[in-house]
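To keep things clear, I will list the structure first and then write my remarks on it.
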Amino acid sequence: MNPVRRRMLLAGVGATALAGGAGLALYHFRPDAIGTAAVAKLFAQSFNDAQGQPQAMEQWKGQWLVLNFWATWCTPCVEEMPTLQQVARDYGSRGVAVVGLGIDSPSAIRRFQSELKLELPLLVAGIGGTELARELGNPSGALPYTVLISPRGAVEQAHLGLLRPELLRSWLDARLNS
């Protein structure tokens, strides 16, 4: 086989492998694949709120849910909490719920909610919340981690780290205005 033809054949095989790998990655890491089963598992659970009252996650099923994994000892988590509170106020009448799932102790969450006068639901997941965050697409288990779950139960967006208000609002506006 002449060298030019050989290079063309190798380039074609390489391009085919690259396209196949990219397609597989897109399929595997698409938002629906990240957490459909995990979302169903989430909605089957209950967590106590800051006052110790059990709250079934299914109460938020069928609406847009901004689910934020956080902890009182996590500086960026604390920093983004006022944004989450404001988004809960601004978008609540449009079918959006914002819920904080604390990877923390009940007393710390209760104290934090009281000090900041937060109205959004803060639920106590404890260390088990880390595994739930992993199932919802956060392999590191780091905090803060926020997912946007659609009314049909699919993870539409996910963000690890401090969530800027403009990013969260862009997620919601794109979906609510379409």
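The values are calculated or read from the model by the stated rules, or taken from the named source; none is laboratory data. Just so you know, these numbers come straight off a predicted model, no measurement behind them. Neighbour counts run over all protein chains shown; Cβ positions are idealised from the backbone, glycine included. When the accessible area is computed, the model is the full protein with side chains, heavy atoms only, and any ligands, DNA or RNA have been set aside. Shrake-Rupley method; radii C 1.70, N 1.55, O 1.52, S 1.80 Å.
If you take the alpha carbon atoms of segment 34-78 and fit the smallest convex hull around them, that volume is 106 Å³ per residue. In plain terms, the chain from residue 174 to residue 105 could stretch by 21.3 nm, reckoned as 0.36 nm per residue minus the Cα-Cα distance.
The overall shape of segment 51-154 is rounded: from the C-alpha gyration tensor, with semi-axes ordered a ≥ b ≥ c, the ratio a/c is less than 1.5. Converting phi to 3J(HN,Hα) with the Karplus coefficients 6.51, -1.76 and 1.60 and the offset θ = phi - 60°, segment 96-103 yields 10, 10, 10, 10, x, 10, x, 8 Hz in sequence order, with x at every glycine or proline. What nm distance separates the two modelled labels at residue 63 and residue 37, each placed 7 Å from Cα along Cα→Cβ? Distance between the two pseudo-spin positions: 3.0 nm.
The mean accessible area for residues of segment 72-178, using a 1.4 Å probe and ignoring ligands and nucleic acids, is 44 Å² per residue.
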